[in-house]
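Inspection log for the structure reproduced underneath, given as structure tokens.
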Amino acid sequence: MRGLLLAVVCASLIACSSAPHCNKQPRSTWAEQTQISADISQLASDEFTGRDTGSEGAALTRHYLISRFQQIGLEPWQGDYQHPFSYSASFSDQLGINIAGVVLAHKPTSQWRVVLAHYDHLGSKGSRIYYGADDNASGVSGLLQIAQHAATQATDVNLLFVATDAEEPGLHGGYALVDTFAKKNILPQTSQIELVINLDMIGRPDRRKAIYIEGARRFDSYELMQQSMTQSNQLCVKTRHPRAFDGSVISVDFLRASDHYPMHKAGIPWLYFGVPTHKDYHQPSDTTDKIDISFVAVVAESAYQLLIIDSFLLQYSP
Ligand SMILES: [Zn+2]
């Protein structure tokens, strides 16, 4: 009984510890909301026509991302921002191009942490454009905010920022990245990566104003990681996705839902940040005017905290 009572008390403590800030407006400190708004508006613009892999819109997107990476002061990864890869789809070879930049630690170290966000989306069908403001212009704008801040700080670990391509047709940019980490003379090597943070759809919070984090249970000190993420901005964090927006139970396989899955299969520690699916998911109606810019700012700041916490807090059991 006592043991049970203790277990119940512990369980409820853990449960309530993850909900202290919910249903409240979290506050950001350094993230630039005007820049987030500008990045999302541009990425989800008519001009970029839904950023379908291989399209003219995707090429314009890459041009934009490279100029932002240069503006922020990210170094090209392995001497280049563009990292082409091929993958087969519908019985033919397709070409994708990841965009990658780094912030090196202020003292030489072999430790690396990685931030991912896919920039591709569904393109257009006839005159209907799938703008993908939440999926995933929001995640890319978050990645740019984190990179911009990290570039002004003296970080203790090396940071790699990758805007991946061809996520929608099959996580191909993520798989290409894992293949690259396994190649000789490439930094980081798979074993040197302490953490991968994947940002995919972080702009449309539910009424709880919560960000949902998948992968938490594989980190031995997750509770401490979450405290460091939320202590300054009171962000509501949940580690279990709710029912679908219309109350129905759609079983989304969040493990396989985005670019963190290739990392998972390679045994690389990962966390996936996202909001629940909403009625505009994969619709032309996923537009910039519906994005909660202040929420994107807070999520970016929380994710950044995980790039600077001590490595011993990142003990991982795959
Ligand atoms: Zn997505």
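Things to note:
- Per residue, the convex hull spanned by the Cα atoms of the stretch 111-152 amounts to 62 cubic angstrom.
- Note that the stretch 55-155 presents 41 Å² accessible area per residue, ligands and nucleic acids not counted, probe 1.4 Å.
- Charge dipole (the chain, unit charges on Cβ, about Cα centre) - positive-most of 129, 314, 155: 314
- Converting phi to 3J(HN,Hα) with the Karplus coefficients 6.51, -1.76 and 1.60 and the offset θ = phi - 60°, the stretch 276-281 yields x, 4, 10, 5, 9, 4 Hz in sequence order, with x at every glycine or proline.
- Whole-number D in µm² s⁻¹ for the stretch 65-145, Kirkwood Cα-pair radius fed into Stokes-Einstein, 37 °C, 0.692 mPa s: 219
- For the pair residue 29 and residue 110, label points projected 7 Å from Cα toward Cβ lie 3.3 nm apart.
- Per atom type, the chain shows carbon and sulfur on 53% of its accessible surface, probed at 1.4 Å.
- 22 Å Cα-Cα threshold exceeded, pairs from 209/265; 238/279; 107/183; 107/265: 209/265; 107/183; 107/265
- Per-residue [θ]222 nm for the chain (sum of -39500 (n - 2.57) over DSSP H runs n ≥ 4, rounded to 500): -9500 deg cm²/dmol
- For residue 110, the accessible area of its heavy atoms, probed at 1.4 Å with every protein chain present, is near 70 square angstrom.
- Extent along the principal axes, Cα only, for the chain: 64, 48, 40 Å, with the longest axis given first.
- Most to least accessible of 199, 122 (protein chains only, probe 1.4 Å): 122, 199
- Computing FRET efficiency as 1/(1 + (r/R0)^6) for residue 234 and residue 91, where r is the C-beta to C-beta distance and R0 is 45 Å, gives about 0.35.
The values are calculated or read from the model by the stated rules, or taken from the named source; none is laboratory data. Not measured: the values here are computed from a predicted model. Don't worry about glycine lacking a Cβ; one is built from the backbone with ideal geometry, like all the others, and counts go over all protein chains shown. Each accessible area value is taken on the protein alone, full model and side chains, heavy atoms only, with ligands, DNA and RNA left out. Shrake-Rupley method; radii C 1.70, N 1.55, O 1.52, S 1.80 Å.
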